[in-house]
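The values are calculated or read from the model by the stated rules, or taken from the named source; none is laboratory data. Since this is a predicted model, take the numbers as computed values, not measurements. Backbone-built Cβ (ideal geometry, glycine too); neighbour counts: all protein chains shown.
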Amino acid sequence: MNNLIRFLQRYYYVFLFLILEAVAIYFISCNSFYQGSLITNFANNVSGSIYEQCDKITRYFTLASVNEALVEENAKLREQIESSYVKYTDRIMVKDDTIYKQQFSFVEAKVISKSLNKRNNYFMINKGHSSGIEKDMSVIAPNGVVGIVTEATENFAMVMTVLHQDSKIAVKNKRTQVAGTLVWNGDNYATGQVIDIPSSIPLKAGDTIITSGFSRNFPEGIEVGYIKNFSKDKGTGFYNVEIRFSTDYNKLGYVYVVKNFFRMEQERLEKGVKDE
């Protein structure tokens, strides 16, 4: 209380000036319509600017929740695209009456830690067993591939990214449909390498590289990147291809974990072939 009294005593003249100023403005506005309108317009402009700035601040602090909602919605939309389904059966008697069965579903997750500049890089995401996440599930970004789940706990999972010496992803040239393998040489997190493309196949800088669908992990058609440059290796008969990733992994905040409903069936079939 003493502090309040001292504060009022110290700034007494300031408060008195403001009160008298307000009284003067009130009388001016009452006695003059024109001046009153000016004062009202000025007050409206000031209050409007204040509300606008407050709205911007509110929008800024709600961006995180908005982004999470958009990511969740995108995951649901991804499940509706054609590449998430496989043709289940054809009814010959009725044209275009093809039955499709869903093969892939998507779980949105947030990246909570990451490494980029090591030889072997990992991301940690905030979803685990409680969300249906299991080892060997693939992880994609809104516009690219990320990697494979290597470990999962109840609420978290570790993802071996494409920025890893053991990462090998089946890809293809979207234009020519020729398949290759995506690897990473460890030089730059913005670029990767595609191997196993025969040098007899014509390539172009700027060609889009996508997932081929030749593995049980990634759906077909997920964008990987664009051919930056290439050269022929005369010793092997294949190209040395460098691509620029379509995803900026440094800025990546949200991902989708891909559930393949047919994975166990595919694994059993592959194991049976290997055992023969």
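Against the test of being more than 23 Å from the chain's Cα centre (by Cα), under 30 Å from Gly132 (Cβ atoms) and surrounded by 14 or more Cβ atoms within 10 Å (Cβ to Cβ), the options Arg263, Arg175, Arg216 yield a single qualifying residue, Arg263. Inside region 148-181, residues that are assigned to a strand (DSSP E or B) and in contact (Cβ under 8 Å) with a residue 60 or more places away in the chain make up a count of 6. The residue of region 219-247 that is surrounded by the most Cβ atoms within 10 Å (Cβ to Cβ), among those that are assigned to a loop (DSSP other than H, G, I, E, B), in contact with a Gly (Cβ under 9 Å, 6 or more places away or on another chain) and at negative phi, is Ile222.
Residue by residue, here is whether (1) in the same structural domain as Val183 (by TED's automatic domain parsing); (2) exposed (fewer than 11 other Cβ atoms within 10 Å of the Cβ); (3) modelled with pLDDT under 85; (4) assigned to a strand (DSSP E or B) holds:
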| residue | (1), (2), (3), (4) |
| --- | --- |
| Val94 | no, yes, yes, no |
| Val111 | yes, no, no, yes |
| Asn117 | yes, yes, no, no |
| Asn120 | yes, no, no, no |
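If the condition is being modelled with pLDDT of 85 or more and among the charged types (D, E, K, R), then region 230-276 contributes Lys232, Asp233, Lys234, Glu242, Arg244, Asp248, Lys251, Lys259.
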